[in-house]
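The next block holds one structure in the form of structure tokens; read it before the comments.
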Amino acid sequence: MTYKVSKTDEQWRHELDDEQFSVLRQAATERPWTGELLDESRAGVYTCAACGAELFKSGTKFDSGCGWPSFYESVRPEAVELIEDDSLGMVRTEVRCANCGSHLGHVFPDGFGTPTGDRYCMNSISLDFTPQAESVGSDGTDQPL
């Protein structure tokens, strides 16, 4: 697939730290229960740590108990690319950023109790989080956007 954001490994290495490069560009997996976004509970948007593309909204995040941030759907179906992954002797579905091709994690059909039944199990390091901004209304009070 051709991505809107396309860079050489050298360019990615310059922009990402070693752990980010390993996960985002080489499909490694961060250790469970270690990611900074695992317990994030504020309203906001999760974006690709490599290119900034919007991937998930906080309202679709749920506690799956797996040790990685989990979501039941992406912000838009076309925001992510799903690829069959038969590494490690099993068949899984890899999730990549559709904008730059970076590895995000995997999706599994075991999101029981969610509206979709899916569990997008994402590496925390592959995501950035932007809290929902507040704006000031005409009456001077904070208003959610």
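Structure above, values below:
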item	result
Burial ranking of peptide ranges 69-80, 106-117, 38-49 (average Cβ count within 10 Å, highest at the top)	69-80, 38-49, 106-117
Percentage of interatomic Cα-Cα distances in the chain larger than 17 Å	62 percent
Extension gain, A43 back to E19 (0.36 nm per residue minus Cα-Cα distance, nm)	6.0 nm
Top of A98, A133, A28 by mean-square fluctuation, Gaussian network on the chain, Cα under 10 Å	A133
Net charge over other residues, Cβ less than 12 angstrom from the Cβ of L24 (K, R count +1; D, E count -1)	-3
Net charge of Cβ neighbours under 13 Å - reference E84; Lys, Arg +1; Asp, Glu -1	-2
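Quick note: the coordinates plus some simple rules give every number you see, no bench work behind them. Note that the structure is a prediction, hence the values are computed from the model and not measured. No Cβ is skipped: glycine too gets one built from the backbone with ideal geometry, and neighbour counts run over all protein chains shown.
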